[in-house]
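Undergrad: The structure is given below, and queries will be raised subsequently.
Each reported figure results from applying straightforward, stated rules to the coordinates on display, with no laboratory input. This structure is a prediction, so every number in the text was calculated from the model and none was measured. Counting neighbours? That spans all protein chains shown, and the Cβs are built from the backbone with ideal geometry, glycine included.
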């Protein structure tokens, strides 16, 4: 009897699978398609509306800002207590509201982007629990509760708006305008840069670090001498508060790299550009790829992995900086697009 | 269960005074913007150098005086000759923000360049302010003028000093020559008219 029940459950599934497979086999083989930007936008807007709908009036007032408000530039790498944020605090949400925010972030970001954001936030829990680097004079607040969400502009399929999520060592500024998106400027950082969670070693920015060391060590002596700057870079040059500034590029021109080295460089770039949903990350990577001949790679510090070293990738539409703070366990990074910070280019269309 | 790893570090730059300079070169002037951010552990020492009357606030005269101290510590040369930089503006965070390591103080300086011919030139920037606690960044901005093309930047190891090699291109024909030609044309016409009237009289 039990076998019959099992069979009755399996047969319809088998029929569906067979029919679907037959149908697919008769069609010309489709090329691997990137997720549609329109679909992604629709899902993000729906998830954003769900967050908004889960809140009371007071919560919505904390969440929602006008698109032309100064809230756009109200982000920092600094923790609460030192830097005051005015939007919706995660620590004030009920579990269902938190779940709605989680769904939104999972929808707006790629799987890897969400993983990174989650690991950065979780790292702040290490500080809250007294991990290395915690403290701060008694008025600094660390931990998952101290992250904030804002919608700048109303979530929409057509008109521009921005999803802003951040706190200590994190600022995600994702502007969407119809089916276009820009995640610049954003600041994924980490302290501690390595910790253990449920028995597993976590390095939120580990791949960025390792891929960069692989690239610097893949350069020949001549290339390396051009890439390495002869001075210490103590911090981000274009960190928070430096919107609209374009520094003179330096280092090794990517056009002087071999195709294999260029591929390695693009792999590093993807660690930042790929934080947002794949549907937006793919066209962004194509834009960066097209600009490679005008892109530069600069390095400061030792070239042995495990050392604290700064690097910068700069092109016409891209600035990435990776700046250890005197230690491999405290990293600041920034991702910018001088032509499209806060979606300036896409929002104007 | 979360366990931290790695060396003991501060949450943010605590015992250093970050001074980040951006240098904008135009054909006839150099603009220097310096952002000064004091870490929490040195903020009181920095504040002591600003709040001269120790009243716990930064008055406009104290701010002006401190910006002047920064200006004095910044040296600018063009082609190895010193040039004088004037204080254009300064902005200070409130005392609580400064004490909390959230800044920055922003000082903007401007120096006129002597008339420079087309060709290669060099701007040298040096910042000696609070070398006891200072860490430095110095970068040239992409020039706004297409007459200025930066060839390279050299720094000392600590970035207290930056030398910017650049090319000054000639001004485009038309930018100065056209007004001159137009003026000459008007003068010729006026003189011609005067000559014609005298001849006709």
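Undergrad: Starting from the Cα of residue B:52, move 7 Å in the Cα-to-Cβ direction to define the label point; list residues of the stretch B:118-137 whose amide nitrogen is under 20 Å from there.
TA: Answer for this model: B:129-130.
Undergrad: Full extension from residue A:159 to residue A:263: what is 0.36 nm times the residue separation minus their Cα-Cα distance, to one decimal in nm? If you can, show how the numbers build up before the last one.
TA: Values: separation 104, 0.36 × 104 = 37.44 nm, distance 3.53 nm.
Net length gain for the segment: 33.9 nm.
Undergrad: Something else about it: Of B:136, A:83, how do they rank once you tally other Cβ atoms within 10 Å and put the fewest first?
TA: A:83, B:136
Undergrad: Using a Gaussian network model of chain A with C-alpha springs under 10 Å, which one of A:70, A:295, A:317 is most mobile by mean-square fluctuation?
TA: Of A:70, A:295, A:317, the Gaussian network model singles out A:70 as fluctuating most.
Undergrad: Give the calculated FRET efficiency between residue A:339 and residue B:72 to the nearest 0.05, with a Förster radius of 56 Å applied to their Cβ-Cβ distance.
TA: The value I calculate is 0.90.
Undergrad: Let's test the formula: R0 of 22 Å, r as the Cβ-Cβ distance of residue B:116 and residue B:158. What FRET efficiency results, to the nearest 0.05? Walk me through the numbers on the way to the answer.
TA: Values: r = 29 Å, r/R0 = 1.31.
For residue B:116 and residue B:158, the calculated efficiency is 0.15.
Undergrad: Continuing with this model, one more query. Kirkwood hydrodynamic radius (Cα pairs, Å) of the stretch A:57-212?
TA: By the Kirkwood definition, the hydrodynamic radius is 16.2 Å.
Undergrad: Take every residue in peptide A:243-249, count the Cβ atoms of other chains within 10 Å of its Cβ, and give the average of those counts.
TA: Across the residues of A:243-249, the mean count of other-chain Cβ atoms within 10 Å is 5.
Undergrad: So in chain A, what percent of DSSP beta bridges are antiparallel if you round to the nearest 5?
TA: Values: 44 of 48 bridges.
The antiparallel fraction comes to roughly 90 percent.
Undergrad: In which sequence would A:255, A:186, A:231 go, from the one with the fewest C-beta neighbours within 10 Å to the one with the most? Provide the component values of the computation, followed by the final result.
TA: On the way: A:255 11, A:186 26, A:231 21.
Lowest count first: A:255, A:231, A:186.
Undergrad: Please give the FRET efficiency for residue B:84 paired with residue A:73, using the beta carbon to beta carbon distance and R0 = 30 Å, rounded to the nearest 0.05. Can you show the working numbers first?
TA: Details: r = 34 Å, r/R0 = 1.13.
For R0 = 30 Å, the calculated efficiency reads 0.30.
Undergrad: Using per-residue counts of other Cβ atoms within 10 Å, averaged over each peptide, order B:119-127, B:18-26 from highest down.
TA: Packing order, densest peptide first, comes out as B:18-26, B:119-127.
Undergrad: Given the options A:112, A:39, A:220, which has the most mean-square fluctuation in a GNM of chain A, springs set between C-alpha atoms less than 10 angstrom apart?
TA: A:220
Undergrad: Moving on. Run lengths n ≥ 4 of DSSP H only: what is the helix-derived mean residue ellipticity at 222 nm for chain A, with -39500 (n - 2.57) per run over all residues, to the nearest 500?
TA: The per-residue figure over chain A is -12500 deg cm²/dmol.
Undergrad: How crowded by other chains is A:221-234, given as the mean number of beta carbons from other chains within 10 Å of each beta carbon? Each step should come with its number before you reach the end.
TA: Working: counts 0, 0, 0, 0, 0, 0, 0, 0, 4, 5, 13, 8, 5, 11.
The mean count of partner-chain Cβ atoms within 10 Å per residue comes to 3.
Undergrad: Which of the peptides B:155-161, A:285-291, B:98-104, A:329-335 is most tightly packed, and how do the rest follow, judged by the mean count of other Cβ atoms within 10 Å per residue?
TA: Details: B:155-161: 18.0, A:285-291: 15.0, B:98-104: 21.6, A:329-335: 24.4.
Those peptides, ordered most packed to least, come out A:329-335, B:98-104, B:155-161, A:285-291.
Undergrad: Which ordering of A:168, B:129 is given by a fewest-first count of other beta-carbon atoms within 10 Å?
TA: B:129, A:168
Undergrad: Under the rule a/c < 1.5 gives rounded, and otherwise a/b versus b/c splits prolate from oblate, where does the stretch B:2-170 land using the Cα gyration tensor?
TA: The shape class here is oblate.
Undergrad: Using a Gaussian network model on chain A with a 10 Å cutoff between Cα atoms, which of A:237, A:254, A:117 fluctuates the most?
TA: Comparing A:237, A:254, A:117 in a Gaussian network model of chain A, the most mobile one is A:237.
Undergrad: Roughly what would the spin-label model give for residue A:285 and residue A:103, points 7 Å off Cα along C-beta, in nm?
TA: In this crude spin-label approximation the distance works out to 2.9 nm.
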